[in-house]
1. Just to check your reading of the model, which residue among Val120, Val130, Val159 is at pLDDT below 95 and more than 16 Å from the chain's Cα centre (by Cα)?
2. When residues of the range 72-85 are filtered for being part of a loop (DSSP other than H, G, I, E, B), on the phi < 0 side of the Ramachandran plot and surrounded by fewer than 21 Cβ atoms within 10 Å (Cβ to Cβ), how many remain?
3. Is there any pair with a first residue in the range 77-100 that is farther than 18 Å from His191 by Cβ and within 11 Å of the ligand (Cβ to nearest atom) and a second that is of a type in the set (S, T, N, Q) and at pLDDT below 90 whose Cβ atoms are under 8 Å apart and which are 6 or more apart or on different chains, and what are they?
4. Of the conditions (1) away from the ligand (no atom under 16 Å from the Cβ); (2) more than 17 Å from Ala76 (Cα to Cα); (3) in contact (Cβ under 8 Å) with a residue 12 or more places away in the chain, Asp143 fails just one. Which one is it?
5. Among the residues of the range 173-180, is there at least one that is touching a residue at least 12 places away in the same chain (Cβ under 8 Å), over 26 Å from Asp128 (Cα atoms) and away from the ligand (no atom under 16 Å from the Cβ)?
6. Just for the range 186-201: of the residues that are outside any strand (DSSP E or B) and β-branched (Val, Ile, Thr), which one is modelled with the highest pLDDT?
7. If we scan the range 149-160, do we find a residue that is β-branched (Val, Ile, Thr), touching an Asp or Glu at 6+ places or on another chain (Cβ under 7 Å) and surrounded by 15 or more Cβ atoms within 10 Å (Cβ to Cβ)?
8. Right, Cys207: over 18 Å from Gly92 (Cα atoms) and within 17 Å of the chain's Cα centre (by Cα) or not?
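The values are calculated or read from the model by the stated rules, or taken from the named source; none is laboratory data. Predicted model, so just to flag it, every value in this text is computed and none were measured. Every residue, glycine as well, gets a Cβ built from its backbone with ideal geometry; the counts of neighbours run over all protein chains shown.
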Amino acid sequence: MTQDLVDKYRIDNNRVDKCVENNVKKVGCFMCFILIISIGLTACNSDSDSSEQTVPTTLCGPFSAWESSDYVLPYAVDEEFEVNQANCSGFGHSGFWLYGYDFIMDIGTPVHAIRSGRVVYINDGITDGVRSATNLILIQHDDGTVALYSHLTNAGVLVIGGQWVIKGDLIALSGDTGNTGGLPHLHVSLHPCKSVPGILGIPQDNCYAIPFNFSNTDANPKGLEARKKYRALPF
Ligand SMILES: [Zn+2]
């Protein structure tokens, strides 16, 4: 990944997209909901006035003990990737998407399940570089929570609907579909149910992302931090 592209992404994140911002804040914004549907999953690059979006660290969470977290990093053991956006960062990770992680990855990087569960939704067939829709996987865990893996590459979904996957299984290849800001990366977030924006016909107002952290890497009591690299340790 070139530094220029990383810098461009960060600059892009400073652009204001008020309608998308309002969409994640105002359930009643019907037109914005339609916009969300039309532009695909916008987890990672919807933007807003940072003065409204910045959340003090003390209000970000609470997180469970990271050492006993049910979740492992979404890539192979011994691999290491940098977190771009993390929790409560404003920009794309605000409102509905307040919690979640963007791992900077070249297209085609293997993506592994962060927790065991059943595949409840997939979307594939979108070409990298297309911004109007994204390839994604939703996996529901035994406590009802759902993990979202998005921006996957074309033909990058390696599981099928209904399939049970084990924590650490290879499930996908990362990519650059949907609203990535032009920076190929993997977005992962956790939701209390499977309703996330961008999935046609499913309401989006009751499954806001929730905080989680990872057990197989450096200490992350408040989740992973942006601009840091994290190596996946054996688990
Ligand atoms: Zn993201």
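1. Val120
2. Narrowing the range 72-85 to residues part of a loop (DSSP other than H, G, I, E, B): 72-79, 84-85.
Filter again for on the phi < 0 side of the Ramachandran plot, leaving 72-77, 79, 84-85.
Retained after the next criterion (residues that are surrounded by fewer than 21 Cβ atoms within 10 Å (Cβ to Cβ)): 76-77, 79.
Selection size over the range 72-85: 3.
3. Listed pairs, sorted by first residue: Phe91/Asn13; Phe91/Asn14; Phe91/Asn45; Phe91/Ser46; Phe91/Ser48; Phe91/Ser50; Phe91/Gln53.
4. It fails just one condition, (3).
5. No; the residues of the range 173-180 include none that is touching a residue at least 12 places away in the same chain (Cβ under 8 Å), over 26 Å from Asp128 (Cα atoms) and away from the ligand (no atom under 16 Å from the Cβ).
6. Kept after step one, since they are outside any strand (DSSP E or B), are these residues of the range 186-201: 192-201.
Okay, now just the ones that are also β-branched (Val, Ile, Thr), so 196, 199.
Working: Val196: 73, Ile199: 65.
Out of the qualifying residues, it is Val196.
7. Scanning the range 149-160 turns up at least one residue that is β-branched (Val, Ile, Thr), touching an Asp or Glu at 6+ places or on another chain (Cβ under 7 Å) and surrounded by 15 or more Cβ atoms within 10 Å (Cβ to Cβ).
8. Details: over 18 Å from Gly92 (Cα atoms): no; within 17 Å of the chain's Cα centre (by Cα): yes.
Taking the combined requirement at face value, the residue does not satisfy it.
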